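Here is the structure we will look at.
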Amino acid sequence: MLGRRNFHSGDVFLTVAASAAQPIFDGFTLYHKQKAAEAALDQADALYRQAVITASQNVADALRGLQQDTPALQAAIKSELAANKSLDLIKRCS
């Protein structure tokens, strides 16, 4: 009889056992994939929070710099106005 296979009781048991065990191994794989995805999400969350903190610090530093530069700019403007007045006086007297 060609093409016909005889199943022994051991073959059937191994086939059934393997079929029953496969979802268990797949379950562990899915469990570990889920844990890895959750860890990646936690890492992305931490990186996002760090980026927001860094950006906020950069904005604060820029605002502080502007506050410190304002008096120097005002002094430079007053100096320029005084220099222009002096120049006008010199031009009138010449």
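What follows draws every value from the coordinates through simple rules; no lab data is involved. Please read all numbers here as calculations on a predicted model, not as lab measurements. Please note: Cβ atoms are built from the backbone with ideal geometry, for glycine as well, and neighbour counts cover all protein chains shown.
Here are some notes:
- Cα gyration tensor shape for the range 42-94, rounded if a/c is under 1.5, else prolate or oblate: prolate
- Size of charge dipole - the range 42-94 - debye, nearest 20, with Cβ of Lys, Arg +1 and Asp, Glu -1, no other charges: 520
- Ascending count of other beta-carbon atoms within 10 Å, so fewest first, for Arg49, Arg92: Arg92, Arg49
- Inter-label distance for Val59 and Lys35, nm, one decimal - labels placed 7 Å from Cα along Cα-to-Cβ: 3.9
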